[in-house]
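The values are calculated or read from the model by the stated rules, or taken from the named source; none is laboratory data. Here the structure is a predicted model, which means the values were calculated and not measured. Quick note on the areas: whole protein, heavy atoms, side chains included, nothing else; ligands and nucleic acids left out. Shrake-Rupley method; radii C 1.70, N 1.55, O 1.52, S 1.80 Å.
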Amino acid sequence: VPSQVFSLAVIEIKDFERLSQVCRGHASERVIINLASLLCSMLREEDICCRTAEAEFTILLPGADGNSAHSLLRRLDLMDLPLRWEPGVPVALKMGSSTWPHDDSRVTGLLQLANTTSFDGPLLHATG
């Protein structure tokens with residue numbers, strides 16, 4: 001339907017490669033699995049969450065305008081995250097979103113915008 005709107009949200013674990021090397025064992029995969037589970041628990045039935053890079057998830061939010069996408073990121077930002085690398089090593093996320101057709105009419109433009117703009121909430125982190 002041409003008049004329907006949708007948003008994309010991109011969530012990336014900051015410093016994933018460096019922290020994967022510092023924290024031995026399966027800590028990096030545990031963080032990815034726990035983040036995926038957390039994201040899926042927050043989404044509506046029609047939303048689609050995909051792991052699009054080693055430390056990145058992209059969420060398609062059909063029918064969601066920019067305010068709805070921002071609300072999702074804000075809820076995530078305000079959570080006491082159950083994500084841990086290991087005690088004393090924080091997990092931080094970079095988050096952004098974009099909305100079709102308001103922000104761009106091309107999917108590549110939407111993805112680029114969501115990847116380069118940051119959610120303007122406080123730094124999201126959890127420590128163990």
field: Rounded accessible area of residue 58 (nearest 10 Å², 1.4 Å probe)
entry: 20 Å²
- line: Stokes-Einstein D for the stretch 1-69 (37 °C, 0.692 mPa s, Kirkwood Rh from Cα pairs), in µm²/s, comes to 246 µm²/s
